[in-house]
1. Which condition number does Leu375 fail, the rest of (1) in a helix (DSSP H, G or I); (2) more than 20 Å from the chain's Cα centre (by Cα); (3) of a type in the set (A, V, I, L, M, F, W, C) being met?
2. Which of (1) in the same structural domain as Ile168 (by TED's automatic domain parsing); (2) over 22 Å from Ala200 (Cα atoms) does Pro121 not meet, given it meets every other one?
3. Can you tell me which residues in the range 170-188 are touching a Gly at 6+ places or on another chain (Cβ under 9 Å) and either not in a helix (DSSP H, G or I) or not aromatic (Phe, Trp, Tyr) (or both)?
4. Can you tell me which of Ile158, Ile162, Ile96 is more than 29 Å from Leu215 (Cβ to Cβ) and of a type outside the set (Ser, Thr, Tyr)?
5. On the given criteria, is Asp111 in contact with a Gly (Cβ under 7 Å, 6 or more places away or on another chain), among the charged types (D, E, K, R) and in a helix (DSSP H, G or I)?
6. Name the residue that is nearest to Lys60 (Cα to Cα), counting only residues in the range 200-218 that are surrounded by 16 or more Cβ atoms within 10 Å (Cβ to Cβ) and out of contact with any strand residue (DSSP E or B) (no Cβ under 6 Å at 6 or more places or on another chain).
7. Residue by residue through the range 452-491, note down the ones that are of a type in the set (Ser, Thr, Tyr) and in contact (Cβ under 8 Å) with a residue 12 or more places away in the chain.
8. Considering only the range 81-108, how many residues are among the polar types (S, T, N, Q) and assigned to a loop (DSSP other than H, G, I, E, B)?
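The values are calculated or read from the model by the stated rules, or taken from the named source; none is laboratory data. Bear in mind the structure is a predicted one, so any value in this text is a computation, not a measurement. Cβ coordinates were reconstructed from backbone atoms using ideal geometry, including for glycine residues, and neighbour counts include every protein chain displayed.
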Amino acid sequence: MKKILTLTALTIICLCGCNNLEAQTSFLNKSVFTVEEMQKDFLVFRACLEESHPGLYIYKSKLTIDSIFNANYSALNKDMTGREFMLLTCRVASQIGDGHLRVVPPKIQLDSLDNGPTAIPFNVYCFDNKLYVRKNYSPLDDKEFLGSQIISINGHSIENFIREYLQIFPSDGNNLTHKYRLLSSSRYFTRYFSMLYGYAERYNVEYISLNETTLKTKTIQGLTFDNLLKIADDRYPVKIDEQKPAFFKINDDKKYAFLKIKSFDKGQYKKNKMNFEKFLKASFKKMESENIPNLIIDVRDNGGGTDEYGKILFSYFVNQPFDYYKSLRMNKEGFDCFKYTNKPDMKAPTGMLEPNKEGTFDNVQHPNVGRQNPLTPTFAGNIYVLINGWCFSTTSEFLSQLHFHTKAVFIGEESGGGYYGNCSGPTPDFTLPNTKVRIEIPLMYYSMAVENYQYLDRGLFPNYTVTPSIIDKISNIDLELSLTKKLIDDK
């Protein structure tokens with residue numbers, strides 16, 4: 001996911017929440033909100049989006065978006081629980097087609113979920129609209145549970161869960177792979193299950209073990225997320241090199257080099273004491289000195305990060321100046337709706353925005369705006385890129401540029417971010433006054449300097465589609481990489 005711009009005037013500080021368990025329980029147990037309370041909140045929700053969201057009408061016309069708002073406002077004709085109202089706003093937001101636009105539970109409720117023993121104690125892999133256990137953090141025996149198909153949780157069928165989840169989880173345009181892949185995050189899986197069905201600390205799970213047909217039922221205790229991470233580190237240790245946000249190696253026969261970029265987040269590189277620019281420069285120099293003819297770039301599971309890092313990596317694959325962004329646009333310099341944030345008076349720094357002929361404002365200070373220079377040594381060999389639905393935001397920007405400018409071959413599944421751009425950058429947290437439901441609204445539309453791609457509302461489709469099975473996943477069989485090596489050998 002894109003890192004929020006670190007500009008002082010646009011830095012968003014989370015609202016302080018009460019950590020008192022009794023206060024949390026009191027809020028969570030609030031039974032209903034009145035029609036009047038919810039209608040007022042919905043009008044605030046709509047007004048915030050209409051004033052500040054720069055891509056409200058990218059994928060749907062204003063007439064269609066207005067009809068969605070009007071129909072859902074009309075549906076507020078009886079008292080609802082806070083969760084019911086939140087789900088209604090989720091469904092509205094998801095229809096806008098912006099993967100960075102999120103409806104978030106009230107902070108006090110989310111704190112209760114994140115800090116309590118609520119984490120569903122297994123990691124899932126979504127395949128063919130079914131969920132399978134990819135990693136087991138529970139006391140259940142791996143022989144019985146690992147690879148099993150989950151049929152229901154707490155009486156809610158997985159078929160219904162996935163259908164309802166797809167309606168409330170946002171993605172760019174009409175992309176689905178991003179929605180499916182993020183279920184592999186234990187935090188997202190738990191959060192969205194809780195949003196749909198309520199807070200839980202124990203999970204009654206119906207499942208069918210791998211290669212069996214008998215339905216089994218077990219009740220397992222939820223975990224705190226800290227405990228889940230400790231179990232994950234113990235049961236599924238990651239190789240030292242792969243713990244870093246990026247690593248590079250040249251195959252023994254020097255037929256290809258392998259470049260893994262797990263993240264574009266500057267903070268991850270700082271944490272691991274890595275300099276991203278120096279790392280890339282050394283990697284490309286090494287390939288030049290060794291005369292490596294093929295490069296495999298693995299950006300699977302890379303959710304994005306620092307805007308400039310995507311451009312820097314791309315700069316090694318062209319030998320002429322290029323445009324990266326067509327434009328970066330915001331609706332206004334300051335917003336009335338910021339009164340629903342904890343920074344009501346914040347504005348863009350002086351000189352950052354300039355008015356354009358469309359009546360909005362262009363960011364003219366971003367390092368990726370304007371003519372960009374290539375970096376050397378340029379890699380002129382064959383490029384193979386491994387992608388999946390996790391590829392989002394900054395990663396998707398890099399992919400669309402690489403696809404547009406080079407003859408790179410893409411292997412895997414459709415990337416998770418929009419090919420032509422996304423809404424991200426500074427993302428204030430708006431709090432609705434009555435229900436305290438929060439809306440994370442990105443303020444800037446990133447338009448990529450690419451064209452002639454036929455899918456206006458999708459991510460990048462691969463040249464070779466590869467869909468691993470649950471057996472491949474739990475056995476750590478890398479089908480995408482194996483196919484790529486075969487393509488290189490067959491050249």
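1. (1)
2. Checking Pro121 against (1) in the same structural domain as Ile168 (by TED's automatic domain parsing); (2) over 22 Å from Ala200 (Cα atoms), the one that fails is (2).
3. Here is the first cut: in the range 170-188, the residues touching a Gly at 6+ places or on another chain (Cβ under 9 Å) are 170-182.
Pro170, Ser171, Asp172, Gly173, Asn174, Asn175, Leu176, Thr177, His178, Lys179, Arg181, Leu182, listed by residue number.
4. Numbers: Ile158 fails: more than 29 Å from Leu215 (Cβ to Cβ); Ile162 fails: more than 29 Å from Leu215 (Cβ to Cβ).
None of the other options fit; the residue is Ile96.
5. Working: in contact with a Gly (Cβ under 7 Å, 6 or more places away or on another chain): yes; among the charged types (D, E, K, R): yes; in a helix (DSSP H, G or I): yes.
Taking the combined requirement at face value, the residue satisfies it.
6. Ala200
7. First, the residues of the range 452-491 that are of a type in the set (Ser, Thr, Tyr): 453, 455, 464-465, 467, 469, 475, 482, 484.
Residues satisfying the conditions are Tyr453, Tyr455, Tyr464, Thr465, Thr467, Ser469, Thr484.
8. In the first step, residues of the range 81-108 are kept if they are among the polar types (S, T, N, Q); the result is 81, 89, 94-95.
Narrowing further to those that are assigned to a loop (DSSP other than H, G, I, E, B): 81, 95.
Total meeting the criteria: 2.
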